[in-house]
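Rule-based calculations on the coordinates, nothing more; no lab input. The shown structure was predicted, so the numbers you read here are calculated from the model rather than taken from an experiment. Because the Cβ atoms are built from the backbone with ideal geometry, glycine has one as well, and the counts that use them run over all protein chains shown.
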Amino acid sequence: MADPRFFVKARNFTVGELAEMLGCTLPKGVNKSLIIDDVRPLQNAQASHLSFLDNIKYKEAFQKTSAGVCIVSSQMIEYAPKGLICLVSPSPYKAYALAAQAFYPEKHPKSNVSKLASIDETAKLGQGAFIAPHVVIGANVDIGKNSWIEAGVVIQDDVIIGDNCRIGAGTTVSHAIIGDNVRLYPGVRVGQDGFGFAIDPNGHIKVPQLGRVIIEDHVEIGANTTIDRGSGPDTIIGQGTWIDNLVQIGHNVVIGKGCIIVAQVGISGSSKIDDFVAIGGQAGVAGHLHVGTGAQIAAQSGVMKDIGAGEEYMGSPAFPKTQFFRQIAALNGLIKKKKRD
């Protein structure tokens, strides 16, 4: 159950409204006017609640649920307990996400500029912007309409932030151009120097980092993630990419559209990640590599060579998925042989 101290419910919905809104199919004879007053997990849901099933692992919980309505795929209807109304969807988790958003829409504060913020007189704030206390905004910064800058954010000179953005508490942004509908969670660091130096026995020589960070529209960047600016070329995060917490992205990295990058991933400088790539948690990508469109990299993989479009890699060093499992099988065979000997 969502704690009402933190999450404010918008309203109740009828089964008919939910089915139409979510693009789900309703069984014949269902009372479309039945009121649903909340969303809850299968194990906690009651007759007035909406739940969902998207993973066969939870079939037993589904069979025992007391929920009144559940979003499921067509293959799972046969396991539904008696009396449960099934909203049939090809993507139950997506449908549930839309339902939860409808019940609990994100609350945006009313436009306000705190007297405790420090804003350079040359900065431009779009209509409807909200600036919290202790924000620092430098010279010639341009912040778009309805953007929300939380407490303690530092936005350095000449940064551009688009419309409907949310910049989380304690975040710092420099040398960056950020598109519309971008969310940076608390503690994100964007635009700091990349790790560039020339090795010298008398002391390493700093290479000036003269590029920017370009973040395109509809990007989410998780808490305490760091994105270095380019050394000359820009560091680029493509449209619709979602980055988890505690990710490190080096200078000159280019990430395409619609990528998913999970917590504690590190991507070294000048690597190029094409569109719709998925990288699992704690994976590392060495510098100057190319990962092709739609590739998948498993958690804790160490990528040390280019990966082609659509390929699946795992292990450290990373190998194609089938080759990795063959190696594991061969190693297990050697271990068993040694034990027999």
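Bridgeable aspartates and glutamates around residue 57 (alpha carbons under 16 Å apart, same-chain partners fewer than 8 residues away excluded): 78.
Approximating the spin labels as points 7 Å out from Cα along Cα→Cβ, the residue 59-to-residue 193 distance works out to 5.8 nm.
Projected label points at residue 14 and residue 202, each 7 Å from Cα along the beta carbon direction, are separated by 8.3 nanometres. The alpha-carbon of residue 9 sits under 14 angstrom from the alpha-carbons of these aspartates and glutamates, leaving out residues fewer than 8 places away in its chain: 37, 38, 106. The simple Förster model, with R0 at 35 Å and r as the Cβ-Cβ distance, assigns residue 210 and residue 311 a FRET efficiency of 0.55. In order along the range 63-68, the phi-based Karplus estimate (6.51 cos²θ - 1.76 cosθ + 1.60, θ = phi - 60°) of 3J(HN,Hα) comes to 5, 9, 5, 9, 4, x Hz; Gly and Pro are listed as x.
Along the axis of the charge dipole computed for the range 174-341 (Cβ charges of +1 for Lys and Arg, -1 for Asp and Glu, origin at the Cα centre), the listed residues 332, 241, 199 are led at the positive end by 332.
For the range 38-61 versus the range 103-121, the inter-centroid distance based on Cα atoms is 36 Å. Of the options (1) 77, 74, 31; (2) 78, 77, 30; (3) 52, 49, 49, only one is Cα extents along the principal axes in Å as computed from these coordinates, and that is (2). If both residues of a DSSP beta bridge must be in the chain, then about 10% of such bridges are antiparallel.
Each other residue within a Cβ distance under 14 Å of residue 42 adds +1 if Lys or Arg and -1 if Asp or Glu, for a net charge of +1.
Here's how it looks for residue 196: its modeled amide H is under 5 Å from those of 207, which are all 5 or more places away or on a different chain. Between residue 293 and residue 21, the modelled label-to-label distance comes to 3.5 nm, taking each label 7 Å out from Cα in the direction of the beta carbon.
Place a point 7 Å from the Cα of residue 46 along the Cα-to-Cβ direction; which residues of the range 60-86 have their backbone N under 19 Å from it? Counting only backbone N, you get 64-70, 83-85. Per residue, the convex hull spanned by the Cα atoms of the range 13-103 amounts to 81 cubic angstrom.
I want to verify a result. In a Gaussian network model of the chain, Cα cutoff 10 Å, which of these has the top mean-square fluctuation: 86, 259, 165? Its mean-square fluctuation being the largest, the pick is 86. With θ taken as phi - 60° and the Karplus curve 6.51 cos²θ - 1.76 cosθ + 1.60 applied, the whole-hertz 3J(HN,Hα) list for the range 125-141 is 10, x, 4, x, 5, 10, 10, 7, x, 6, 7, 10, 10, x, 5, 6, 5 Hz, x standing for glycine and proline.
Subtracting the Cα-Cα distance of residue 319 and residue 336 from 0.36 nm times their residue separation leaves 3.8 nm of extension gain.
Amide H to amide H distances under 5 Å link residue 180 with 163, 217, 218, where only residues 5 or more positions off or on other chains count and H is placed in the peptide plane. Helical runs assigned H by DSSP (4 residues or longer) give the chain a calculated mean residue ellipticity at 222 nm of -4000 deg cm²/dmol, each run adding -39500 (n - 2.57) before division by the residue total.
Applied to the range 93-105, the Karplus parametrisation 6.51 cos²θ - 1.76 cosθ + 1.60 on θ = phi - 60° returns per-residue 3J(HN,Hα) values of 5, 4, 4, 4, 4, 5, 5, 4, 5, 5, 5, 10, x Hz, with x for Gly and Pro. Packing order of peptides 138-144, 174-180, highest average first: 174-180, 138-144 (average count of other Cβ atoms within 10 Å over each peptide's residues).
Within the straight-line cut-off of under 19 Å between alpha carbons, the aspartates and glutamates reachable from residue 124 are 142, 150, 157, 158, 163, 180, sequence neighbours fewer than 8 places apart in one chain being disregarded. Remark: the residue 286-residue 94 segment gains 65.8 nm on full extension, using 0.36 nm per residue and subtracting the alpha carbon distance.
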